[in-house]
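The values are calculated or read from the model by the stated rules, or taken from the named source; none is laboratory data. This is a predicted model, so every value here is computed, not measured. Ideal geometry is used to build each Cβ from the backbone, glycine not excepted, and the neighbour counts take in all protein chains shown. Remember, those area values only see protein heavy atoms, side chains included, never the ligands or the DNA or RNA. Shrake-Rupley method; radii C 1.70, N 1.55, O 1.52, S 1.80 Å.
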Amino acid sequence: MTMMEFFGCGMIAFGPPLAMFVFTVARDPLRIIVFVASAFFWLLALLLSAGWWKAVVPLRDTLAFGLIFSVIFQEAFRLLFYLLIKKAEEGLLKVWQVEADSSTMSLVTNKGLMAYVAGFGYGAISGAFSLVNVLAEMTGPGTVGIYGQSRDFFITSAFLTLCFVLLHTFWGIIYFDGFRKRRYYQPAAVLVSHLLVSCLTLLNQQDSPAYGASLIPAYLILVIMVIWSFFLVGGSLRNIKSCLFAQQRGYSL
């Protein structure tokens, strides 16, 4: 039973991201480099958050304190990574001119693609660190609920992890687009929504956890971010209709 729970929750949290990695990142070495570099910047944010939590002794036991500053540090390092990528674009263009590599050109010229890979790297490492300890506990012995605790803890953790992986992906698109086009309300919206979704998880720390009160709003915000990102990268209702009609007629996309 515990192994079934382990594999089930693991596939809920990491199944869709694994498919995204295989089909959109793994086939291009340059995308893998951006993906890993983005994950490294998230780790730096985590390291800084841990140092700050360790330094401020009086507030160590206040979970909200560490959570808020962790979100701020993550978004600050997202900005630093954007600035790094912006500086590296000239070098990538030179590589493309020398090697005439179409994949390099697509990553440099398609700003949405670069933001997607960077956000996905951020989300993937965030999800891994969020759930790895929980997954380790799922293997037993025993399981949640034996002493009267909620039995929904593991499944909620898996769905929240998946939500954050996807949110980071689309936050990256919105964040990068906002700074590139000087629409600074977009990074501000990312920061506020990140704080909101993260603070909602505090509801799960109560004696009677309100899992639905954190999970449902988090996925509603995810839907908003998906739609927003879709239109930012040039999507339209016409694109959706064309895709649907093409599938109905049996065309390969």
- Has the range 138-150 got at least one residue that is in a helix (DSSP H, G or I), open to solvent by less than 50 Å² (accessible area, probe 1.4 Å) and modelled with pLDDT under 80? yes
- Do you know which of the residues in the range 73-93 that are in contact (Cβ under 8 Å) with a residue 40 or more places away in the chain and surrounded by 17 or more Cβ atoms within 10 Å (Cβ to Cβ) is farthest from R182 (Cα to Cα)? L92
- Looking at the range 165-190, which of its residues are surrounded by 14 or more Cβ atoms within 10 Å (Cβ to Cβ) and more than 15 Å from F81 (Cβ to Cβ)? V165, L166, L167, F170, R183, Q186, A189
- Query: In the range 191-211, which residue that is open to solvent by less than 40 Å² (accessible area, probe 1.4 Å) and outside any loop (DSSP other than H, G, I, E, B) is farthest from F81 (Cα to Cα)?
  - Reply: Y211
- Of all residues in the range 189-210, count the ones that are touching a residue at least 40 places away in the same chain (Cβ under 8 Å), within 18 Å of G127 (Cβ to Cβ) and of a type outside the set (V, I, T). 3
- Item | For D61: the one exception among (1) modelled with pLDDT of 85 or more; (2) not in a helix (DSSP H, G or I) | (1)
